[in-house]
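Here's the structure we're looking at; comments come further down.
Just so it is clear, none of the values below were taken in a lab; they were calculated from the coordinates. The structure presented is a predicted model; accordingly, all values stated were derived computationally and were not measured. Here the Cβ positions follow ideal geometry from the backbone for every residue, glycine too, while neighbour counts run over all protein chains shown.
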Amino acid sequence: MNSSFFNKIFISQFGSINPPWIHKDVFYKLPFNFCDRWCERCRLSNICRVYQKEKESEKKFIKQGIDPKSTEAMLLSMSESFEETKKLLEKDMKRLKIKITKNDNEKYEKDKLVQNDPLIQVAKKLCISLVKLVEDLHYYFLEKTPKEIKEPLKILNYYMLFFSVKIHRAILSTIEEKEMKYEDSTFDSKNSAFLSYVSVVKIINALKNILNYKNFDYNLKKKITKYLSLFENLNLVLKERFDLEYK
């Protein structure tokens, strides 16, 4: 998967990003499954059921006198979502004759495997480092952020946690998919790794754009250069481990 392919198809996009192995009909029916949740920048929000439902919820909260951006609205939305999910699961479990059995040991073993994975540990460290770097940049430009820094800094703010969360999901899904039949697999591990890969490319591009700013403290510039190299190495590992090739 060469860089020109990514630059042409994916890097300019925000929101829903189509993995090249997912058929376009599936993608357009379920764009929220391949999504970074940056809805205001997404070109497919007009066909996204999740986005449309959120807008309906916002209108409902406003009618009830609740601020849609408030913690109260968030908790109510989560409660409704969990309740809906529970009903759907109960319906499918009844149809498939599945009974719940307590097996906490198995879940604990999976969690332990994920947490001990070297890629998870690297991603966590990079995530913490990037959060600190963004804080340093905000502090450095405390008085006035230059216009050429605003957009890359906004991108770093958005993706500094996202890439790590998606790597965690990719590794957990890899373990779970080994227990599935091939035809039952949703390729969630590869999809999650892909979304992480694309978000890291956006982080890399943002860091490069920030480095182009000339009036920089030497130590801060040195730190950005170091993290730029680390994120490039991270994507090499993601590409190889999850076979992120366009075939």
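Out of the range 61-97, which trypsin sites (Lys or Arg not before Pro) are coil in DSSP terms and have no more than 10 other C-beta atoms within 10 Å?
Lys69, Lys97
Exactly which trypsin sites (Lys or Arg not before Pro) in the range 157-235 are in a DSSP loop and have at most 16 other Cβ atoms within 10 Å?
Here the sparse-neighbourhood loop sites are Lys178, Lys181, Lys214.
Within the range 152-247, which GluC sites (Glu not before Pro) sit in a loop by DSSP and count at most 11 neighbouring Cβ atoms inside 10 Å?
Here the sparse-neighbourhood loop sites are Glu179, Glu245.
What does the range 102-247 give for Rg and for Dmax, in Å, if only its C-alpha atoms count?
Just the Cα atoms of the range 102-247 yield Rg and Dmax of 17.7, 59 Å.
Taking 35 Å as R0, compute the FRET efficiency from the Cβ-Cβ separation of Glu232 and Ile47 and round it to 0.05.
The value I calculate is 0.55.
Top mean-square fluctuation among Ile47, Ile204, Ile17, Gaussian network model of the chain, C-alpha springs under 10 Å?
Highest fluctuation among the options: Ile47.
Let me check I've understood the local charge: for Ala123, count other residues with C-beta under 10 angstrom from its C-beta, Lys and Arg +1, Asp and Glu -1. What total comes out?
In short, +2.
Hey, what's the Cα Rg ratio for the chain versus the globular rule of thumb, 2.2 N^0.38 Å?
1.14
With 32 Å as the limit, write out which pairs from Lys55/Lys87; Lys24/Lys214; Lys24/Lys144; Lys125/Lys208; Lys87/Lys190 have Cα-Cα distances beyond it, or answer none.
The answer is Lys24/Lys214; Lys24/Lys144.
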